[in-house]
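The block underneath contains the structure these notes are about, expressed in structure tokens.
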Amino acid sequence: MYRDQSIEEIYDGKFYGINDLAKIGCDGCKGCSACCHGMGNSIVFDPLDVHRLATGLLCAPAALLQEHEETRPESGARVLCPARMELGVADGLILPHLIMGGAEETCTFLNEEGRCSVHALRPGVCRLFPLGRFYDGSGDYTYIVQAGECPYPVKTKVKIKKWIDTPDYERYHRFVLKWHAFQKEMQGRMAGVEAEAAKALCIRILQVFYLTPYPADGFFEEFERRLKEFHV
Ligand code: SF4
Ligand code: SF4
């Protein structure tokens, strides 16, 4: 989710590159799961997040929107699970976000030990936290540490690339930039059309980029191909 706050309100005064060290280490989050509660609709999925979850849990992307069967990573058991994502308006588009359920607004993936049960499949926002991306208009982004977001008291320095823990980082980086640019372009396109046409475009984006399965091993290539569908 993009924020309209001024950068001074949310960061610690520094910009970081992927190979920089930042003071974000929290000793494996021992005993803490604060960022898995009360996050509202803010953990917005990108297409890779949904692909990664659906592929890892052995279910269809659309199944994540409702009660469904999935294969649990810890046990390998095939079990009935609640909806994992729901749709909301984010940055002018209709996009899926992670569900925070119950009175304590808890992520449905948090297990009884207070740990993420889909650590290897967790969405990009969870991989980043408490980092954020800052797009400065140059066509690229840098990383910021969102001040006051992680309450862990004595943080250690960790290399950003290690923290993000995302394979094939160069391709991932290009994907993030292209997805960001695409969303901006679609917002502009929607601003110039009637409400019904804007809604139809939103639904098409959702269907093409999120709900239609990608090949298990060819996400980035297929993403590029789908981008071209919108640029004819
Ligand atoms: S708030 Fe910080 S320490 Fe707590 S779970 Fe999140 S990243 Fe870990
Ligand atoms: S997916 Fe995992 S890391 Fe992300 S909020 Fe849920 S439990 Fe926490």
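List of remarks:
- THR106 long-range amide H proximity, modeled H, under 5 Å: GLY38, GLY101
- Every helix of 4 or more DSSP H residues in the chain counts as -39500 (n - 2.57), and over all residues that averages to -9000 deg cm²/dmol at 222 nm.
- Only one residue of ALA195, LEU131, ALA120 has its Cα farthest out toward the positive end of the dipole of the range 104-232, where Lys and Arg carry +1 and Asp and Glu -1 on Cβ, and that residue is LEU131.
- Assuming charge only on the beta carbon of Lys and Arg (+1) and of Asp and Glu (-1), the dipole of the range 183-232 about its Cα centre is about 160 debye to the nearest 20.
- Lys, Arg +1 and Asp, Glu -1 on Cβ, resulting dipole of the range 59-106 about Cα centre, debye, nearest 20: 180 debye
- A Cβ-based charge dipole, computed about the Cα centre of the range 55-204 with Lys and Arg at +1 and Asp and Glu at -1, lands at about 660 debye.
Just so you know, all these numbers are worked out from the coordinates, no wet-lab data involved. Everything numeric here is computed off the predicted structure, so don't read it as measured data. In this analysis, Cβ positions are derived from the backbone assuming ideal geometry, glycine residues included, and neighbour counts consider all displayed protein chains.
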